[in-house]
Every structure is written in structure tokens, then in C-alpha cells.
1. Give me the lysines in straight-line cross-link reach of Lys140: C-alpha distance below 23 Å, same-chain residues under 8 apart excluded.
2. How big is the charge dipole of the chain about its Cα centre, in debye rounded to the nearest 20, if each Lys and Arg gets +1 on its Cβ and each Asp and Glu gets -1 on its Cβ?
3. In what order do Thr35, Thr94, Thr83 fall by count of nearby beta-carbon atoms within 10 Å, going from fewest to most?
4. How much mean residue ellipticity at 222 nm does the chain get from its helices, if each DSSP H run of length 4 or more adds -39500 (n - 2.57) and you divide by all residues, to the nearest 500 deg cm²/dmol?
5. How much of the DSSP beta bridge set in the chain is antiparallel, as a percent to the nearest 5?
6. For each of Tyr102, Tyr184, count neighbouring Cβ atoms within 10 Å of the residue's Cβ, then give the residues from fewest to most.
7. Output the Cα-based Rg and Dmax of region 21-83 in Å, rounding Rg to one decimal and Dmax to a whole number.
8. Sort Phe65, Phe73 by Cβ crowding within 10 Å, fewest neighbours at the top.
Amino acid sequence: MLSVTNARSDDAATLEEVEAFLNDNADQGVRPRPTEQMKLAMDSGLALLIRDETALVGLSLVHQFRIEGGVRFFSEIGTMRITANGRGLQILLTRLHLAQMYVEEFGAAHHDIFAVVSHGSASEHNLTDVCGLTDWVPPKDLVTARACKGLPFSPAKRILHAEAPAIVRARAEMRAAHLDADIYALPRGKGEVRLDLGWLSPELLVV
Ligand SMILES: CC(C)(COP(=O)(O)OP(=O)(O)OC[C@H]1O[C@@H](n2cnc3c(N)ncnc32)[C@H](O)[C@@H]1OP(=O)(O)O)[C@@H](O)C(=O)NCCC(=O)NCCS
């Protein structure tokens, strides 16, 4: 059975495994990021890893931006790669990110969750049509912060935002998918997955 875990913070072996997986499965839809940024994303506690019985088959990392002196905090669902396709795993990981970030404290009055997708891609379809993310114009501070990290927004891509209804929907879909203990149905009804996540309980998902 597939299982999902949060990567442990400061886990050098897993960071190496994640970087090897992304190198071995390089795709133009995943922007390479410096190891230091990958490490920070792993340390956030939000990194999700999917394994089958033997190996990684997918992962998703959230990259965080705190605007200096500001009250806004930004989370980018920014490194998503799935190799076991056709089972709705991007939808699963996106829903889990939204549910986990809903219960996290970010120490800012405003928290924005966003993603950047290519037009006409599977990711665009999954994040908009299924997960309900909507078009967004990022604030200037974020544009600058991202550019400073060597990751300017590309005008050729679509920037999506998770508004409150998308977060409510993600939590409700996860609640409906709960089968027993830590076992949940996969989004397309194609099997089951063990969610080995300390923070998750069906009660937390009641909306
Ligand atoms: C995008 C990605 C994460 C999705 O993986 P996945 O969760 O296994 O996706 P699935 O195979 O379950 O679903 C793909 C869906 O997109 C649809 N799709 C595929 N190509 C498409 C395209 N070019 N345009 C629109 N929809 C497309 C499929 O029909 C399917 O939708 P449906 O089930 O509603 O018919 C994976 O393909 C991947 O790693 N791609 C390369 C990296 C990438 O793009 N990452 C995302 C960056 S934001």
C-alpha cells in the first residue's frame, strides 16, 4: 500500500533521497532549487513524501516567504513531482498541504498559499478544476522576495491561490475519504493510502 509521511526536519538522508528523486525524474514542470532552499522546505515540517513498498513515488515541498517587517506570510506549493501517475496523488498531496497549513501557526496576520503552473498542464487541471485554486496576482513584496531568491515569476505561467473555499473543500474531501484509523481512499477511488502523519485525525477535518 502507498504511504504518506511528512519528511523529518534536519534529516540529511531524506534530503539526499529527495534531491536524487528529483534529479532522476527531472521535468520542466519542476523548477530546480538550490539545496539550501530544499533544506528549508524540508525543515518546515510540511514536506510530504509518498512511498510504495520500496521507494519514493512522489513528493511535494512547500517553500515559505516571510516578508521582512510585514504581517504577511506566503507558502508556495512549489516542488511537486509524482511518478506513480493516474491515481490522483497530486490532488491528495495538495489537499493534505491545505489541511495541514490550516492547522499550522505562521505568526502572521495574513497567510497566502499559492502555486505556479504551466498553461495546459496536468498540474493546472488538477489544481484548478479539481482542487479549486484560482488565479491570483501576487503582491509586489512577494514578487521581489521571490526574485531575490533567484526565482522570478515567469510571465508565461499561471499563478494560482488557495482561497478559503478551496481549503474548506480540501478538508471536506479528506474527511470523506477517511476509511479506518490512518487509512484513506485515494482521490480517484483507485485504492487506499496510509497517511502516517502525526497531526492528522478525522476530527480535525470536520468542516
Ligand atoms: C503534474 C503531476 C504532479 C500530476 O501527477 P498525478 O497526480 O499522478 O496526476 P494524474 O495522472 O493522477 O492526473 C492527471 C490529470 O491531468 C489530466 N491531464 C494530463 N495532461 C493534461 C494536460 N496537458 N492538460 C490538461 N489536463 C491534463 C489527466 O487527464 C488527469 O485528469 P483526469 O483524471 O481528471 O482525467 C505529474 O504529472 C508530474 O510530476 N508532472 C511533472 C512535474 C509537474 O508538472 N509538477 C507540478 C508543478 S506545479
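1. Excluding near neighbours in sequence, the set is Lys149, Lys157.
2. That gives a dipole near 580 debye.
3. Thr35, Thr83, Thr94
4. One gets -9000 deg cm²/dmol as the mean residue ellipticity at 222 nm.
5. Numbers: 29 of 38 bridges.
If I count the DSSP bridges inside the chain, around 75 percent turn out antiparallel.
6. Tyr102, Tyr184
7. Radius of gyration, then largest Cα-Cα span, for region 21-83: 13.1, 45 Å.
8. Working: Phe65 20, Phe73 17.
Taking fewest neighbouring Cβ atoms as first place, the list is Phe73, Phe65.
Every number in this text was worked out from the coordinates using simple rules, so none of it is lab data. It should be emphasised that the depicted structure is a prediction, and the values quoted were computed from it without experimental measurement. When we count neighbours, we look across all protein chains shown, and the Cβ atoms used for this are built from the backbone with ideal geometry, even at glycine.
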